[in-house]
Each structure stands twice: as C-alpha cells, then as structure tokens.
Amino acid sequence: MALIDVLQQVLNNARAPEPTQIDQITREASRDDLKTGVGEALRSKETPQLSQIVADMFEKASPQQRAAILNTLTEQLGPGALAGVAGGALAGHEGRDTPLVPVDKATRITPDQVRDVVTTARTADEPGVFDRMSSFYAEHPELVKTLGAGALMIALARMKQSIVR
C-alpha cells in the first residue's frame, strides 16, 4: 500500500494507527515531511506541552537516544543555564562548545528532570527548541510512536497535506 493510502486509511479511521502503519509511514515519508508534521503536532494547542511530550519520548528512548535528546535540548543554552535545573546534573553541558552529555549521565536523568530542561530551553530559545525537537524526531523516526495518539494524528494529517500538494 502506498504511503498516501496508509495515511488516508489511518486518518479516515480517526484512531491511533497500528505500530506497523507508523513504521511504514516513518520509513517511506521524507524526513522533511516527517519534521514538518511532527513540528506542527508539537506546536499544537491540542496536544500536551512540549515538555511532557519530550519527557515521554525520553522515558521510552534508548540510552544513546536519551543522550542525544539532552544534547539537542542543551546545544543553544548559554553558560550556567542549567546550574539550577535537574539538580545541576547537566551544568557544564550548555552550548555547542561544551562537552556532550555522555550516555551514562543521560541514563541517570529522570523524565521529570527532562521536563525542567525543556522548560529552560523553551525560555531561552522558544522557536528553536521546537525546530530542533522536530528534527530530532525526523532523525529518529522510530520515536514518532511516543508522540501520543492526539499528536500523532496531527502529525500524520500534516504529512498527508504535504504529500498531496
């Protein structure tokens, strides 16, 4: 079944797609369409806050993906921005010219702490953090399944619109 047909079928059913459908969609969609769809879902007033969505993704991610999520969130923060966040566990990892968050440290960070990091990142760089997280999902399409039903349906509807144009 073609990508557009799978998207149409999922959207017509108006319920969360099966995991195999999500796998097919994320495998066949362009990274740009995936990024655009997820970006719209992350910004939507109809979905949970970005901090909650990212914390849920973080909880389900592999240790390597957890480190990558944290590095994506912290790359635009200024020095000292995380001193009082997550118990100071990520202090010194703010910005592109600082050491990356290692996998072993990322595994000790909790989803609640990630929520705090996302909130700090949003305060520092509101539009940029949405773009970086949308790109992260596009680079790690297997994590699209963690979006939650409502956000996933918004992302898929936007992807369908992009493909039809």
* Asked: Roughly how many Å² is the accessible area per residue of the chain, as a whole number, for a 1.4 Å probe?
  -> 48 Å²
* **Stretch gain in nm, segment Glu139-Gln161, where the contour uses 0.36 nm per residue and the Cα spacing is subtracted** => 5.8 nm
* Asked: Using only helices, what value at 222 nm comes out for the chain when you add -39,500 (n - 2.57) per DSSP H run of length 4 or more and divide by the total residues, to the nearest 500 deg cm²/dmol?
  -> -19500 deg cm²/dmol
* Fraction of accessible area attributable to carbon and sulfur, region 1-69 (%, probe 1.4 Å) -> 45 percent
* To do: Determine the shape class of region 1-81: with a ≥ b ≥ c the square roots of the Cα gyration tensor eigenvalues, call it rounded for a/c under 1.5, and otherwise prolate if a/b is greater than b/c, oblate otherwise.
  => prolate
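The values are calculated or read from the model by the stated rules, or taken from the named source; none is laboratory data. As the structure is a prediction and not an experimental result, all values here were calculated from the model. Accessible surface areas use protein heavy atoms only, side chains included; no ligands, DNA or RNA. Shrake-Rupley method; radii C 1.70, N 1.55, O 1.52, S 1.80 Å.
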